[in-house]
Amino acid sequence: MTFDRQLNVLGRRPKAELVEYVIRAFMGVDGARRFVEDEARLRAFVWKVSRLYRNNPYHNFQHAVDTTNAMAWMVTRPGLSKRLPDLYVFVLILAALVHDLEHPGTDNQWEIKTRSRLAEKYRNEAVLENRSLDGTFDLLQDSECALLAGLPPDTHNECRRLLGIVIIATDFATHQAFLKELRTHLHTKGTDFSDPEGLSLLARTLIKAADISNTTKAFPLARLWGRRVMREYWAQGRKEKRRGLPVGPLNDPDKVAFHEAQAEFIETQVQPLFDMLVTVESSIGEAAETLTENRLSYLRLSSHRTQ
Ligand SMILES: [Zn+2]
């Protein structure tokens with residue numbers, strides 16, 4: 001099956017349609033389908049996941065579906081599918097679906113600044129990612145949607161271990177350190193990701209790329225996603241101001257200019273990741289090219305505004 005990286009899941013779409021995109025990602029990718037023993041159980045799992053996502057402007061079920069579809073597109077690229085063992089493919093699609101489960105619409109810094117129970121529980125480390133991971137493990141215990149129940153014990157343990165590595169990697173606090181790690185790997189080992197450390201690095205690269213892949217869509221759609229993320233940040237900024245807490249760098253609607261912020265995000269965070277990914281799989285180049293065009297479009301819009 002082929003996947004459309006330009007898929008638009010925004011707008012008024014029935015949830016059942018979004019659920020079907022997720023089912024297609026599992027069932028339409030050979031490596032992942034191997035681990036789905038019962039499609040009805042998978043469907044029950046996805047519906048439960050959809051209810052555990054909140055109605056946030058950005059971190060909602062639509063983002064989960066979009067990330068899952070982007071992951072299905074990436075793992076079916078020839079240079080990536082040949083490098084990834086089937087279990088990794090399955091875990092990557094699963095992780096893309098659940099990586100922001102129960103996201104409250106405010107970020108890790110909010111949890112830490114408000115000294116929340118979650119921050120305490122996870123000792124200020126990847127607070128929301130740990131929560132999504134634990135929420136997923138809870139869900140997998142539920143007999144109706146116990147996706148991993150039939151796996152042999154070793155595979156089951158490996159699946160849980162990988163899921164942890166991949167979901168925790170979506171914490172943006174470690175993004176620059178991650179880029180450095182990937183750069184070093186490409187300099188020293190090239191595009192060989194065959195040993196366990198290499199595979200873990202490749203898996204983390206793919207979840208991070210899928211997570212921010214909405215910036216690589218055609219500009220009107222990329223901008224809609226950008227607006228949603230900023231709406232969520234600005235809502236947090238207003239809450240921070242009300243509580244007299246320090247306002248996060250992107251959260252102050254009076255200080256952050258949307259177009260400039262998006263252009264800078266692409267330049268410093270997204271483009272370096274996609275440029276490196278292109279050296280592993282050349283067909284990712286089409287996403288990297290759109291990304292460059294989008295950055296230029298944001299810059300053009302920002303210069304119009306200030307003139
Ligand atoms: Zn995400």
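Some points to look at:
- Carbon + sulfur, % of accessible area of region 212-307 - ligands and nucleic acids excluded, 1.4 Å: 53
- With the convex hull of its Cα atoms as the shape, region 212-307 has an orientation-averaged projected area of 6.5 nm².
- Computed over region 58-183, the ratio Rg/Rh where both radii use C-alpha atoms and Rh is Kirkwood: 0.98
- Where Cα atoms sit under 20 Å apart: lysine pairs in the chain separated by 8 or more or lying on different chains: 11
- Residue ranges 115-122, 81-88 sort as 81-88, 115-122 when ordered by packing (mean number of other C-beta atoms within 10 Å per residue, highest first).
- Magnitude of the charge dipole, the chain, Cβ model with Lys/Arg +1 and Asp/Glu -1, debye to 20: 1100
- Calculated FRET value between residue 123 and residue 279, using beta carbons and R₀ = 35 Å, to 0.05: 0.45
- Just checking the listed ones, 148, 101, 92: in the Gaussian network model of the chain with Cα springs under 10 Å, the one fluctuating most is 148.
- Atom-type composition of the exposed protein surface of region 13-171 places 45 percent of the accessible area on carbon and sulfur (1.4 angstrom probe).
- Rolling a 1.4 Å probe over the heavy atoms of the protein chains gives region 83-159 an accessible area of 44 Å² per residue.
- Computed from backbone phi with θ = phi - 60° and the Karplus coefficients 6.51, -1.76 and 1.60, the 3J(HN,Hα) list for region 37-53 is 7, 8, 5, 5, 5, 4, 5, 4, 4, 5, 4, 5, 4, 4, 7, 8, 7 Hz; x is used for glycine and proline.
- Accessible surface calculations at 1.4 Å, restricted to protein heavy atoms, place region 208-250 at 47 Å² per residue.
- In the chain, the C-alpha radius of gyration followed by the widest Cα-Cα span (Dmax) gives 18.9, 64 angstrom.
- Of all the options 170, 188, 292, the one that moves most in a Gaussian network model of the chain with Cα springs shorter than 10 angstrom is 188.
The values are calculated or read from the model by the stated rules, or taken from the named source; none is laboratory data. Since this is a predicted model, take the numbers as computed values, not measurements. Counting neighbours? That spans all protein chains shown, and the Cβs are built from the backbone with ideal geometry, glycine included. The area values use the complete protein model at the heavy-atom level, side chains included, leaving out ligands, DNA and RNA. Shrake-Rupley method; radii C 1.70, N 1.55, O 1.52, S 1.80 Å.
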